[in-house]
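Each remark here refers to the structure printed beneath this line.
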Amino acid sequence: MNKFGRKLIALALGAALLLPAALASAETAPGQAGGAANVKTDAQTAEQLGLLAGDGNGVNADYLAKGSMRIQAAIVSLRLQGKLDEATAFTGKSNFDDASLVSAGNQAIMAYLHSHPEYGWTGEGANRFNPLAPISSQQLYKVLLEAAGYKSDSDFAYKDTETFAAGKGLTGIAGVSTLTNAHIATALVESLSAKLPGGGVLLDKLKQSGSVPAASVLPAGERIGLRADAALGTVLTDKEGQTLYVFSNDAQNLDACQGACIANWPLLDSEQLQIPATLDAADFSKTTHANGTQQWMYKGWPLYTFVKDKAAGSALGEGVNGVWFAAKPDYRVMIGSSPELGRYLTDGYGRTLYYFAKDMPQMSACEGMCLTNWPAYGSVSGSLPSTLNAADFGFITRADGSSQATYKGYPLYYFVKDAKHGDATGQNVNQVWFVVDTATFGVAPAEQPATEANGQLPAAPAAPADEAKTYRIDIKQFSFGSGPLTVEAGSSIVFTNYDDMKHNAVATGGSFSTPLLAKGESYTITLNEPGTYDYYCEPHKAFMTGQIVVK
């Protein structure tokens, strides 16, 4: 697995401890047969076509993870217009006043743009180009639309760029405020199929101009897309924009969907698979059903569409019968289902999660060899299936400073002998380790549904009702999220950085200040006094701000 893949898996796990070898191998090779031999990422395609060159070491994981800047968007624009070689060799001396911020090679490109305003890069006023400013999906889609021959302020207004782009099939990075090079790769490959005003697609124009090799063809097979859904978050789609789903019953039986089930939930199959550069090819594999039918899987979960979704963007299959859920790249937990275990918690890869009957709310009794055999599950952020309550999930901080995820206050664990997706060999071990049945956990025995009789010990009590609440602020894509966060006095607020760049949070009045957090690091503050707390990130205070309202 490449370095980029390992980074994505680290995000998915956030494990408090390194997993034992058997469990770690299950993570890096999710699913069953097939592997990712017929999967190609947009980064690979963009590099092969010469649309991206990287920064000296090719289009590698480090390059893809870096934030994109205005100078990179300008280079993309010139490359698509067949002018990049001319710009690179330009020797004119007139330039923007801030050209010294970039390398000598990029200074030549800025000088070329300064002398050729007809290419649409006139700077941001006062003879400044602002080459290191981050770029948004709106800005990049404007570049791509103009490369396809559409004119800003004529064919579309800048404020409507993303709506207009969606009409041309450009949706893969919509709504992303701060792009990485991986986003650029996906937008570039997606744009190859964009319709030209006079007919044909952008790839045809690029071949004619020599911007890509004359033998270039559009990516073959099925394409996985990412759609920002207002209700569900980011979901996976097929090439038609149809929502993709996973089936809880597949946790232990990949042939669980048969007959009429397949008629209602068609399997996703094709020879080739093209995926966004922000996803990991190693997370995709194929399973072969008993009847010989093949099906693509994501993180070990077979992928389906739903016949009642009649239009792109529809997600009517979400939560159906409590076992069908939209496929997402960032599930912190999922739900497995079987007649023996009921509906129980797994991680995003389908590996079973457990609770320990000797634990107490917000406290782990598992240390030493116990923790070796039952590794702590540390993922504390990400999406949840719609049938679960986000308030039931939190985390504790272990003695070594690592985080462990909790459900209704109780710590969650893996079992070292569970080697793959669907294994649940830890159930009832020593009569103190159990799967987390979402229907019965935390419910008094007299209140448990009569249909639930899966052999568990009496459900663990719920966490105390008067426990102080914990809220989370995830720092992603140079943002603290949208809108103010409202909390109760005495609440804990956990800042977690998911960007490659370091960030912190500093209150304007000095009431709190976090250290600079590297990627994956967290810091917790507690606000006891009611009031409004405005804050900012010191390195990026010009555009990274937030607000917490304490009641």
Legend entry - Neighbour-count order for Ile396, Ile262, fewest beta carbons within 10 angstrom listed first: Ile262, Ile396
Inset, instruction - Would you mind checking which residues have amide H under 5 Å from His503's amide H? H placed 1.01 Å from N; only 5 or more apart, or other chain. - result: Leu517
Inset, instruction - Would you please name the GluC sites (Glu not before Pro) within region 285-385 that are DSSP coil residues with at most 12 other C-beta atoms within 10 Å of their C-beta? - result: Glu340, Glu367
Inset, instruction - Return the Rg/Rh value of region 122-185, two decimal places, where both radii are evaluated on C-alpha atoms and Rh is the Kirkwood radius. - result: 0.98
Inset, instruction - Return Asp153, Asp534 ranked ascending by Cβ neighbour count within 10 Å, so the fewest neighbours appear first. - result: Asp153, Asp534
Legend entry - Projected-area mean, region 42-209, by convex hull of Cα positions, square nanometres: 9.3 nm²
Legend entry - Karplus-derived 3J(HN,Hα), 6.51/-1.76/1.60, for each residue of region 168-184, Hz, glycine and proline x: 9, x, 9, 9, x, 10, 4, x, 7, 7, 9, 8, 9, 5, 5, 4, 4
Inset, instruction - Starting at the first residue of region 336-346, write each ³J(HN,Hα) from the Karplus equation 6.51 cos²θ - 1.76 cosθ + 1.60 with θ = phi - 60°, in whole Hz, x for Gly and Pro. - result: x, 8, 7, x, 7, 9, x, 9, 10, 7, 10
Inset, instruction - Mind listing the long-range amide H neighbours of Val59? Cut-off is under 5 Å, sequence gap 5 or more, other chains count too, H placed in the peptide plane at 1.01 Å from N. - result: none
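With +1 assigned to the C-beta of every Lys and Arg and -1 to the C-beta of every Asp and Glu, and no other charges, what is the dipole magnitude of the chain about the Cα centre in debye, to the nearest 20? All intermediate terms of the calculation are to be shown ahead of the outcome.
Values: 40 positive and 52 negative charges, 133 e Å.
About 640 debye.
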Inset, instruction - Over all alpha-carbon pairs of region 207-283, lay out the pair-distance distribution in 5 Å bins, whole %, shortest bin first. - result: 3, 11, 16, 18, 19, 15, 7, 4, 3, 3, 1
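Determine how many Å³ per residue the convex hull of the Cα atoms of region 288-367 encloses. Provide the component values of the computation, followed by the final result.
Values: hull volume 13.7 nm³, N = 80.
Here the figure is 171 Å³ per residue.
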Inset, instruction - Measure of size requested: the Rg and Dmax of region 334-447, with Cα atoms as the atom set and Å as the unit; please supply both. - result: 13.2, 39
Inset, instruction - Compute the whole-percent fraction of alpha carbon pairs in region 188-347 spaced more than 22 Å apart. - result: 48 percent
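How do 327-335, 62-70, 90-98 rank on mean C-beta neighbours within 10 Å, highest first?
Working: 327-335: 22.4, 62-70: 18.9, 90-98: 13.7.
The peptides rank, most packed first, as 327-335, 62-70, 90-98.
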Legend entry - In Hz, Karplus ³J(HN,Hα) per residue of region 78-86 (6.51, -1.76, 1.60; θ = phi - 60°; x = Gly, Pro): 5, 4, 5, 8, x, 10, 5, 4, 4
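Counting only Cα atoms, I'd like the Rg/Rh figure for region 168-234, Kirkwood definition for Rh.
Working: Rg = 13.7 Å, Rh = 13.5 Å.
Computed over Cα atoms, the ratio is 1.02.
For a quick protection proxy, order the peptides 130-139, 168-177 by their average other-Cβ count within 10 Å, most packed first. It would help to have the intermediate numbers written out before the result.
Numbers: 130-139: 18.7, 168-177: 20.8.
Per-residue mean Cβ counts within 10 Å order the peptides as 168-177, 130-139.
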Legend entry - Percentage, to the nearest whole number, of Cα pairs in the chain over 29 Å apart: 58 percent
Inset, instruction - Set Lys and Arg Cβ to +1 and Asp and Glu Cβ to -1, take the dipole of the chain about its Cα centre, and tell me which of Pro219, Ala327, Ala376 lies farthest positive. - result: Pro219
Legend entry - Amide H partners (placed H, <5 Å) of Tyr471, local residues excluded: Ser492, Ile493, Val494
Inset, instruction - Among Glu529, Glu240, Glu47, rank each residue by its count of other Cβ atoms within 10 Å, from fewest to most, as a rough exposure measure. - result: Glu529, Glu240, Glu47
Inset, instruction - Please give every one of the lysines within straight-line cross-link reach of Lys142, meaning a C-alpha to C-alpha distance under 25 Å, and leave out same-chain neighbours fewer than 8 residues apart. - result: Lys66, Lys83, Lys151, Lys159, Lys168, Lys195, Lys205, Lys207, Lys239, Lys476
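Which order, highest average first, do 264-276, 210-222 follow once you tally other Cβ atoms within 10 Å for each residue and take the mean per peptide? Could the numbers behind the result be given before it?
Details: 264-276: 18.4, 210-222: 14.2.
Top to bottom by mean Cβ count within 10 Å: 264-276, 210-222.
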Inset, instruction - Putting +1 on Lys and Arg Cβ atoms and -1 on Asp and Glu Cβ atoms, find which of Pro197, Tyr141, Ser100 reaches farthest to the positive end of the dipole of region 42-209. - result: Pro197
Inset, instruction - Provide, in order from the shortest bin, the percent of all Cα-Cα pairs of region 470-550 in each 5 Å bin, continuing until the bin that contains the maximum pair distance. - result: 3, 17, 30, 29, 15, 5, 0
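Read-outs: derived from the displayed coordinates by stated rules, not from any lab. Since this is a predicted model, take the numbers as computed values, not measurements. Using ideal geometry, Cβ is built from the backbone for each residue, glycine included, and neighbour counts are taken over all protein chains shown.
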